[in-house]
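Below you'll find the structure, written out as structure tokens, and then a few comments.
The values are calculated or read from the model by the stated rules, or taken from the named source; none is laboratory data. Quick caveat, the model's predicted, so the values are computed rather than measured. Cβ sites come from the backbone with ideal geometry, for glycine too, and all protein chains shown count toward neighbours. SASA here: full protein model, heavy atoms, side chains in, ligands and nucleic acids out. Shrake-Rupley method; radii C 1.70, N 1.55, O 1.52, S 1.80 Å.
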Amino acid sequence: MTISAGLLAEIFDAAPRDSDGRQKFSAARFDGATFEGQPAFSEATLADGVGFDKATFKGYARFGGARFEGDAQFCGVTFEGGAGFGGATFEGDARFRRAIFKGRAGFGEATFK
């Protein structure tokens with residue numbers, strides 16, 4: 001499935017918010033999806049069960065400041081335009097097995113608990 005910038009905006013608009021006002025995704029699986037544009041999951045809360053296995057990010061993927069409350073699943077993901085995880089918090093396992101970063105990957109100030 002291809003997720004355009006417009007469709008991703010609709011998904012974000014429909015997502016509930018946590019007590020801090022951040023969009024919160026629970027048990028959302030984006031496995032195998034192709035993200036167009038520059039998807040921004042920055043400042044979102046991604047609870048246990050959220051995964052991106054074998055997804056493709058065509059543009060720069062923004063996860064800076066995201067809070068991963070459970071395991072972060074990025075196995076087999078292709079980041080064609082790079083990815084930013086700066087300032088993200090990983091409270092569970094962070095799995096990037098067989099992930100491909102074709103562009104720049106940044107994890108500055110990320111916290112792995």
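Structural remarks
- Region 25-39, subset part of a strand (DSSP E or B) and modelled with pLDDT of 95 or more, residue surrounded by the most Cβ atoms within 10 Å (Cβ to Cβ): Phe35
- Taking residues in region 89-104 that are in contact (Cβ under 8 Å) with a residue 12 or more places away in the chain and farther than 18 Å from Ser42 by Cα, and partners anywhere that are acidic (Asp, Glu) and part of a loop (DSSP other than H, G, I, E, B), the pairs with Cβ atoms closer than 6 Å and at least 6 places apart or on different chains are Asp93/Asp71; Lys102/Glu80.
- Every listed requirement among (1) open to solvent by 40 Å² or more (accessible area, probe 1.4 Å); (2) at pLDDT 95 or above is met by Thr78 save one, (1).
- Number of residues in region 43-63 that are within 23 Å of Glu91 (Cα to Cα), touching a residue at least 40 places away in the same chain (Cβ under 8 Å) and either basic (Lys, Arg) or in contact with a strand residue (DSSP E or B) (Cβ under 8 Å, 6 or more places away or on another chain) (or both) equals 0.
- Long-range neighbours under 7 Å by Cβ, at least six apart or interchain, first residue under 21 Å from Asp53 (Cβ atoms) and modelled with pLDDT of 95 or more within region 1-14, second assigned to a loop (DSSP other than H, G, I, E, B) and of a type in the set (A, V, I, L, M, F, W, C): Ile3/Ala33
- If you go through region 63-88 and keep only what is under 15 Å from Phe25 (Cβ atoms) and part of a strand (DSSP E or B), you end up with Arg67, Phe68, Ala72, Gln73.
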